[in-house]
Every structure is written in C-alpha cells, then in structure tokens.
Amino acid sequence: MYEIRIHSRGGQGGVTAARLLALAAFRDGKHATACPFYGAERRGAPVVSFVRIDDQPIRVYSQIQKPDLVIVLDTSIMDVVDVFQGLREDGAVLLNSSHDLDGSDLTAYHVDLTGIALALDLVVAGSPILNTPVLGALAKLGIVSLPSVKEAISETFADERNVQAAEKAYQEMTV
Amino acid sequence: MLTIATGNKAVAAAVKAAKPGVIAAYPITPQTEIVEQIAEYVTAGALASEYIPVESEHSAMAACIGASAAGVRTFTATSSHGLLYMHEMVHWAAGARLPIVMANVNRALGPGWNVWAEHTDAFSQRDTGWLQVFVSTVQEAYDATLMAFRIAEHENVLLPVMVNLDGFTLSHITQSLEAFDPGDFIPPVRIPHAIDVENPCVYGPLTGPADYFRFRWDIERSMRDSVGVIADVEREFAERFGRSYGPTEDYRCEDAEVVVVAMGTLGKEAEVAVDLLRQEGVAAGSMRLRWFRPFPKLDLAGRDVVVIDRDYSFGFGGVVAHSIRSTTGAEPYSVIAGLGGQEVTHEDIAGFVKTRQSGKEFWFGVNDRV
C-alpha cells in the first residue's frame, strides 16, 4: 500500500487533489481511497488530506501515520506544521516550489505549481489552482499514469487548461 | 457505471436508482452532500421526485409520513441533532407502519459541539421500531440503501429502515462505486394500508389499551419476520448483483479463539487488526455487526469476545457489549472507543485484543480500566 499525505491551506484544493489522485489511481486499475481530515476549516487554515493506493481493497480508515509521500502545496505551512512527521525512511517529499528543500537528507522533489497555474491564468477567486498541476507531478513520480491523470482531470473539469497544467508539471519536474 | 464516490454520494446515487416519489430533508453536517446531490438530480431532471426542502428535521419526517401514508416511496437523510429533533416523528413512522427509508450519517451529540463519527445518535432511536443497518464501505452504502427500500416495503415488514454510515470516516471518504440500474429488484411500491379516497377511513385515532397492545405486538411480529425477509433480499441481491451481505461480516472467524465485534468503519479496521494479530500468532477473527435492529443471534460460543462500542449508555455501559452479553451469554471485554471521531487505528484494536480482560470495561485513551 502506498500512502500519501497532502498539506495545503483551506481553499487551495488539497481535498480535490486527493480525490483526483484517487480517481487517476482507480483509472489505472488500482484500489484507492481519498480521505480529507475535516476540522474547523476555513480559507487559509492548514488542512490535511490522505490518499491510499493499493492492489487490494483498502480496509484502513484511520489517518495515515507513516506516509510514503508528503505533498506540500504551500511551503509556508512548514513554518507552523511538521509536515515530515511520521514520513517513512524511504519516503519522499513533493514541494510546490521553484527550489529544492535546503539542508535535508530527505528525498525531495519540487515543481513550481503556482507558476504553472499563473502562466495558464488558472486562477479561481484570486487563488492559483494547484490541484490539477500537482497530478502531473505525481504522474512523473510514477504513482499514477499520465493518461489516467488526464482522464481523471477531464472527467472532473471542463476547462482544458487543467489538463495542460498537469502536462506542464509533468514536463517541468525533474526526478 | 464504475466510478469513485464518497459515501454520501453513494447514498444519493442509490436513492436515484430507487426513485422515491417524495424526498423531504433538511441539511446537516456531515449529511449535507446527500441532500445537495439529490437536489441536483431533481433539478437536472435525472430524478423525477418531489423534493421538499423543509424547515426542520421534524418536518422532514412528517412530510415523509404524509407521503408514505398516501402510498408513495419516501426517503430522507439526517444526522445527530437532526435525528434527535425528528425523534417524535421517528416513533410515529414505525407505529404507522410506513416503509420510509432514512440515511443517518452517524455523528456525535453536543455539547461539546462535535461533527465526527459516533453511533449514539442511531442507538438513541433503538426502541422506535425502525430497522437499523450499519455500513462500512462506499459500495455497501449504495447496496444497503437500495436493499433498504425492498426490505421496508415488503408486505411482511412494512417498517421503516435506517441506513447508518459513519460521519466523515465514510460519508466523506472517496472509494470505488459501481452504481447500476436495479431493474425489477426494486418493484413499484405498494403500501396496502395507503390512503384510498374511494374508501375513506381514519388514520391515527385514539386507540384503547387492548387495540394499542395488539398494534405493538404486530410491530414486534414484523420485526421478527424481517429477519427472514432481510436474508431473502440479501440472497437475491447476491445472486443478481454479485455482492453478499448478512447480519454480520465475519473475517477469519472459523478457528478464532478471540473475536472482535465492531460496527461501521471500525469493523473494517478490525479486519486489518486481525491480520496483524494473526502474523503475531494470535488466533483472532472479527465480526462486523451490520444489523442492529433486528439484533442478530451471534455464534460466539467458546471464544473470547472483544466488543468495540462507538457509543455509550451512561450509567449502564457500551450498548453493543451489553446487547451481546444478553443475547449470547458471552462476557466480552468492552472497549469504549472512537467517540466523537476519536482516532482508532488497527494497531490500537490489536492492542485491545492482546490486553483483553473478559467482563471488564475499558475507555480507550482515558487510561482508566473500570
């Protein structure tokens, strides 16, 4: 089982990113669950969502304690939340950032999702859309396939720029 | 169609497939997505139901009672305080023998104000005459909601059915869902005592002790008959649609020396705990209790029993633990866990099994053994 924890702020689309990732994994023929943790959410507050992907039906409902991958959609959260908590030794971090994680031994990947969204003018209510480009980065990491990512996004959003954003993140991220 | 959906969306999809004539509901966290989705179906013309956005849960059940008394298939959904607010009408629906189907998204009761999973809300309606089933996956939420209409409307039952799903833990989780056209598995509704303007009669008049007593016995007789009806409907469902359900879902119980009994999503988490325990050489199994009313007869003879109650009856104990004690004679280790959405992992459940003490009660996280 591959376990992913997504850190974002309320309104940035972390919950939708989890759902899209589960859908893409499902289109790949895997079992997947997406589970947001709901607290007293409001726009801007740190929020967490979880995704589990497996070849077998998933019977675990508790929160992910030891993620294989941590996604940080807003790196300013790292000042207030220990996003690396419980991360597996062989785990990895995916940052929405134009630069790498400084001074860390962790396996880290980065891609400027915000820049990709802004370049495509993919902005809703003043916030750049991060949940569709991040799917491209996850395809690059091999967690889901790029065709399934595109299918999942097309099924969910009519605006084609969402698929373009995922493709751009796939191309831009180095692994 | 195979897709992914939340538990709430699965319930809404099953309601769409069952095509109730009247749906009356009031939104409440974490049930809101069910009524939003149904309202969208109705607005888009995908579901030809009369959707009544009432001003309260009491009115929601009252509207379902009126529509059902007129012979129409009815549905509502609620949670927690909403369920308690409709309590008077919940009794009335069963007493009037109306096959209303209700989804209840299990949520704790305030204060303190809490929107997360707990089963005390459903258990507070235990003695109303409603059948109650608890589900554990998105697919089961769909399947059980469909079957609820068949069971409720069966001529030997004619009692309302409550489909319970854990707030957030299931209502808001996304899993795979096969939504399908049930065809004649859900035949047109026929309520034999429905209002007939050609044959006027009085509904709900003053009833003397002798007749009242017979009406009450008739409810219990139907509740007992429902055991066979449920089994028949679940068997037919398995034959036609390929998924089997029963009063419990048993996992690795055949040679188990200790059995964990839990409900809802904790019942699934318990299966993972059983796998962990088996790896450590503990002969554990799990029984996920699906039907709470009618309460099934469990075969637990000769085994240790660990019951996880996501509920509590103050001054008495865990409702499920005591129900199992009184129906089987077992002396379970009664674990009170998960109240108000408390996080309970499979490792925690394995720990309950390893530290069990038959006949004792343990409040998880409180560090008291009572």
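Placing +1 at every Lys and Arg Cβ and -1 at every Asp and Glu Cβ, with all other atoms neutral, what dipole size does the stretch B:248-369 have around its Cα centre, in debye to the nearest 20?
Taking the Cα centre of the stretch B:248-369 as origin, the dipole is about 340 debye.
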For n ≥ 4 DSSP H runs only, could you compute -39500 (n - 2.57) per run for chain A, divide by its residues and tell me the 222 nm figure to the nearest 500? -9000 deg cm²/dmol
Can you flag which of B:Lys268/B:Lys360; A:Lys66/B:Lys268; A:Lys66/A:Lys168; A:Lys140/B:Lys268; A:Lys30/A:Lys168; B:Lys268/B:Lys354 are past 22 Å Cα-Cα? B:Lys268/B:Lys360; A:Lys66/A:Lys168; A:Lys140/B:Lys268; A:Lys30/A:Lys168
Which value, in debye to the nearest 20, describes the size of the charge dipole of the stretch B:2-241 about its Cα centre when Lys and Arg Cβ atoms bear +1, Asp and Glu Cβ atoms bear -1, and nothing else is charged? 180 debye
If you find the alpha carbon centre of the stretch B:152-206 and of the stretch A:92-161, how far apart are they in angstrom? 44 Å
Take the alpha carbon atoms of the stretch A:1-49, find their center, do the same for the stretch B:280-302, and report the distance between the two centers in whole angstrom. 33 Å
Expected integer from the mean partner chain Cβ neighbour count at 10 Å over B:172-179 is 6
How would you rank B:76-82, B:31-37, B:163-169, highest first, on the average number of other Cβ atoms within 10 Å across their residues? B:163-169, B:76-82, B:31-37
For a quick check: with amide H placed at 1.01 Å from N, whose amide H comes under 5 Å from B:Val259's, ignoring anything fewer than 5 positions away on the same chain? B:Gly285, B:Asp304, B:Val305, B:Val306
Highest mean packing first, using Cβ neighbours within 10 angstrom, the peptides B:277-287, B:59-69, A:144-154, B:144-154 sort as B:144-154, B:59-69, A:144-154, B:277-287
Along each principal axis of its Cα atoms, how long is the protein assembly as shown end to end? Whole angstroms, biggest number first, please. 82, 56, 45
Computed ³J(HN,Hα) along the stretch B:339-354: with the Karplus parameters 6.51/-1.76/1.60, θ = phi - 60°, integer Hz and x for glycine or proline, the list is 4, x, x, 3, 5, 10, 9, 5, 5, 4, 5, 4, x, 4, 5, 6
Degrees between helix B:7-18 axis and first principal axis of chain B (Cα, 0 to 90, nearest 10): 40 degrees
Counting only Cα atoms, I'd like the Rg/Rh figure for the stretch B:282-370, Kirkwood definition for Rh. 0.93
In degrees, nearest ten, helix B:319-328 long axis to first principal axis of chain B (Cα): 80 degrees
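Could you work out the Kirkwood radius for the stretch A:1-92, taking every pair of different alpha carbons, averaging 1/r and inverting it, reported in Å?
One decimal place: 13.4 Å for the Kirkwood radius.
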What is the angle, in °, between the Cα long axis of helix B:209-241 and the longest principal axis of the Cα atoms in chain B? Nearest 10 is fine, range 0 to 90. 70 degrees
Based solely on C-alpha atoms, express the radius of gyration and the Dmax of the stretch B:1-132 in angstrom. 14.1, 42
If you plug each phi of the stretch B:92-103 into the Karplus form 6.51 cos²θ - 1.76 cosθ + 1.60 with θ = phi - 60°, what whole-Hz ³J(HN,Hα) values come out, in order, with x for Gly and Pro? 4, 4, 6, x, 7, 6, 9, x, 6, 10, 10, 8
Against the 2.2 N^0.38 Å scaling, with N counting residues, where does chain B land? I'd like the Cα-based Rg ratio to two decimal places. 0.97
Here the whole-number average of other chain Cβ atoms within 10 Å per Cβ of B:248-258 is 0
Taking one equal scatterer on every alpha-carbon of chain A, how large is log10 of I(q)/I(0) by Debye at q = 0.11, 0.12, 0.13 1/Å? -0.40, -0.48, -0.57
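Every number in this text was worked out from the coordinates using simple rules, so none of it is lab data. Note that the structure is predicted; figures quoted are calculated from it, not measured. With ideal geometry, Cβ positions are generated from the backbone for all residues, glycine too; neighbour counts draw on all protein chains shown.
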